[in-house]
1. Angle check, please: helix 166-175 long axis (alpha carbons) against the longest principal axis of the chain (alpha carbons), in degrees 0 to 90, nearest 10.
2. In whole percent, how big is the carbon plus sulfur part of the accessible area of the chain, probe 1.4 Å, protein atoms only?
3. Starting from the Cα-Cα distance between Glu23 and Lys6, subtract it from 0.36 nm times their residue separation and give me the gain in nm to one decimal.
4. Using Cα pairs under 8 angstrom and six or more residues apart, how large is the relative contact order of the chain, in percent?
5. Accessible area per residue of the chain at 1.4 Å probe, in Å²?
6. Assuming 0.36 nm per residue, please report the length gained on full extension of the stretch Ile47 to Ala100 beyond their Cα-Cα distance.
7. When only alpha-carbon atoms are used, what values of Rg and Dmax, in angstrom, describe segment 7-254?
8. Compute the helix-to-body angle for 379-391: its Cα long axis versus the longest principal axis of the chain, expressed 0 to 90° and rounded to tens.
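The values are calculated or read from the model by the stated rules, or taken from the named source; none is laboratory data. All figures in this text were calculated on a predicted structure; none of them were measured in a lab. Note: areas computed on protein heavy atoms with side chains; ligands, DNA, RNA excluded. Shrake-Rupley method; radii C 1.70, N 1.55, O 1.52, S 1.80 Å.
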Amino acid sequence: MSDDWKPRTAAVHGGSRRSQYGELSEAIFLTQGFVYDSAEAAEARFIEAGRDEFIYARYGNPTVAMFEDRIAALEGAEDAFATASGMAAVSGALMAMLKAGDHVVASRALFGSCLYVLEEVLTRYGVEVSFVDGTDLGQWAAAIRPGTRAVFFESVSNPTLEVIDIKAVSELAHKVGAIVLVDNVFATPVFSRAIAQGADVVIYSATKHIDGQGRTLGGVILGTRAFIRKVVEPYMKHTGGAMSPFTAWVMLKGLETMSLRVNAQADAALAIARALEGHPRLARVIYPGLPSHPQHALSAAQTAKAGTVVAIDLEGGQAAAFRFLNALKIGKISNNLGDAKTILTHPATTTHQRLPQDQKDALGITPGLVRLSVGLEDPDDLLADIRQGLERA
Ligand SMILES: *Cc1c(COP(=O)(O)O)cnc(C)c1O
């Protein structure tokens, strides 16, 4: 692998390993185990396995290693560990590094399952978690204290697209020696520079833009070699959240086309957000790429483009939102994002249904809010579909 490859080259060739057959496309090593030449060789490998010496697919596998090395090269991270889902990555990274008595500071605007891990799971094991409004640096500064062990946030929050200042929060965290973990799904690996901006650990749900075609669940934890191999790997390999070789192969193929897909989706998202802003049926159009977004300048400084998700808030609340969704002909009602197919979600009644009303209010999850994950269809067709849906709202 070459260190001076640009991301698009790394996304196509990074991490490649070829068998004796010299196959062009990556092989799927669909094997649980590996055979040793001798009993002594087996013993030696259990004492210390090199990066290309495998023991058992829960510990590592050649196809999975290709995916890990490819995404690490792309992200500019020293190393990566692939997991069975995005949540296996989030929970694994946190559980691997924390112990009872540790203090964590997290932003409140989180994906529901991330909130569950921080609020319900970690606290059960004696970890203290403080939640802050992630856009308010004063709240971060007040909550991070000597002894704070970790800081966790989504760089762009779901579903209301608040942008958190990675550089500023990392500076506050590093002053007390805390590790900064960033769930970077909405920023995407294509537009992220999170490690250069101060993040120690970057986490992706590979289910989203990395697969990009809605097939497989996966996740990845990226960080320093020491953190990945000495902290994450021992925890993950013994607790069982490994990525399957088949999934790793889907994700490798996804990485090859990710830049083209995500750039097209982000360009379409910006065009759609611009076209919809000011529409009489909409109370708000939320997209970090619009100058009206409260963190527009931060978004432009932090990521190359503002992402593939737009949030719109319909006048007329839930009834209008439902009429709009039910009228769509191209956009699909579902709850994933980052897919080639445009997906629309009503967070208040689905992904964030569990939240009490006061928390929905605090997070801006209004009854009229619809999250729009822009796909790869022709943007003119999408806009026409959205406009006719709004007419019927
Ligand atoms: C989807 C998502 C996750 C969880 O990923 P899964 O692959 O579904 O487990 C975590 N964080 C964010 C921000 C997400 O969008």
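1. 50 degrees
2. On the way: 8860 of 16490 Å².
Carbon and sulfur together cover 54 percent of it.
3. Values: separation 17, 0.36 × 17 = 6.12 nm, distance 2.37 nm.
Separation in residues times 0.36 nm, less the Cα-Cα distance, equals 3.7 nm.
4. 16 percent
5. On the way: 16490 Å² over 393 residues.
Ligands and nucleic acids excluded, the result is 42 Å² per residue.
6. On the way: separation 53, 0.36 × 53 = 19.08 nm, distance 2.98 nm.
Extending this stretch completely gives an extra 16.1 nm.
7. 18.3, 61
8. The answer is roughly 50 degrees.
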